[in-house]
Amino acid sequence: MNYKILTHHYENCLEKHGDSHLGVDWPNALDASVRYNVMMQLVRHREQDFSILDFGCGAGHFLEHLRSSQWANCRYVGTDLSERFIDLCKKKFPEEEFFQIDAMKDNFHAEYDYIIANGVFTEKRDLSFDEMFDFFSILIAKLFSACRRGIAFNVMSAQVEWQRDDLFHLPLDRLASFLVGNLARHFVIRNDYGLYEYTVYLYKNPSYATSYAKRQ
C-alpha cells in the first residue's frame, strides 16, 4: 500500500499554489471554511479546557480558524506525514507545537481529548478502493485509541450522481459496519452542510454523542 502518494500529491499542490486553500487541494476557500466549522463542532458546546490534535494539519489553516473561535485558548498540536508542511507550520506558528510522524509505522499515546482528520481520507489518488479502505481503517483505529473523548473525520459521499476515481467515496453502510464492529457505536454522521462529503464524530462515551444531539 503506497499511501505516501497522498503526501506527495499534497506537497505538489503546495509547490504549485503556495500557502492557500489550493495548496492543500481544497477547490475554494469558502468550502474549506465550512469544513473547519464542522470539525470544530465535534467539541461539546460549553467545553473549554481540552486539547485537540490536528492530524494531517497541512499548512495549519484549521489552526487559524480555531484561534479565532470560542476555543482560542485550547491546547493545539498539529501533526503531518509531510516534513515540508510541518516546516511551513513551524515558521508560521513558532509558538505552537507541530511534529512530523508516519502514523502507519509509529504509535500514538492517548494524550489528546479530541482528534480531527480533515481531508486526510477524502482523496485516494491512484490507490484502489480496498487499499484506501485498509489505510483508512488502520488510521481511524489508531486515532480513536489515542483520544480521550472523540475524533472527527470526513470522507467523500457515495450518495452522489457521479464519483471521481481519485476520491474516496465511502458508502455509509460500509462505514457504519466498520465502526460498530471494531471501534464504537457512539457516532454522529454529518451530511447536512452542503458539500459532496460527510463528516463523522466518533465518541468514546455515549454522553458526548447525546450532548451533540441536544445542542442542535
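Whether a residue is among the hydroxyl-bearing types (Ser, Thr, Tyr), surrounded by 13 or more Cβ atoms within 10 Å (Cβ to Cβ) and over 16 Å from TYR3 (Cβ atoms) was assessed, and SER51 passes this test.
The set of residues in region 92-103 being part of a loop (DSSP other than H, G, I, E, B) and in contact with a Leu (Cβ under 9 Å, 6 or more places away or on another chain) consists of PHE93, GLU96, ILE101, ASP102, ALA103.
Applying the selection to region 20-54, what residues are in a helix (DSSP H, G or I) and β-branched (Val, Ile, Thr)? Scanning region 20-54 gives VAL24, VAL34, VAL38. What about LEU6, is it buried (at least 20 other Cβ atoms within 10 Å of the Cβ) and touching a Ser or Thr at 6+ places or on another chain (Cβ under 9 Å)? So LEU6 does not fit the description; no. Is there a residue in region 175-185 that is over 25 Å from GLY58 (Cβ atoms), polar (S, T, N, Q) and loosely packed, with under 15 Cβ neighbours inside 10 Å? Within region 175-185, one or more residues are over 25 Å from GLY58 (Cβ atoms), polar (S, T, N, Q) and loosely packed, with under 15 Cβ neighbours inside 10 Å. None of CYS13, CYS89, CYS57 is buried (at least 20 other Cβ atoms within 10 Å of the Cβ) and part of a helix (DSSP H, G or I) except CYS89. Restricting the first member to region 83-97 and to residues that are modelled with pLDDT of 95 or more, and the second to residues that are crowded, with 20+ Cβ neighbours inside 10 Å and of a type in the set (Asp, Glu), the beta-carbon pairs closer than 6 Å and six or more apart or on different chains are ILE86/ASP80.
Being charged (D, E, K, R), over 18 Å from the mean Cα position of the chain (by Cα) and more than 15 Å from GLY60 (Cβ to Cβ) is the filter here; which residues of region 2-26 pass it?
GLU15, LYS16
Does VAL200 satisfy the criteria of being aliphatic (A, V, I, L, M) and surrounded by 13 or more Cβ atoms within 10 Å (Cβ to Cβ)? Judged against the criteria, VAL200 is a match. One residue stands out in region 60-86 among those that are assigned to a loop (DSSP other than H, G, I, E, B) and of a type outside the set (Gly, Ala, Ser): the one that is nearest to CYS13 (Cα to Cα), namely LEU81.
The values are calculated or read from the model by the stated rules, or taken from the named source; none is laboratory data. Just so it is clear, the structure is predicted and the values come from calculations on it, not from any experiment. Methodologically, a virtual Cβ is constructed for each residue, glycine included, from the backbone with ideal geometry; neighbour enumeration extends over all protein chains shown.
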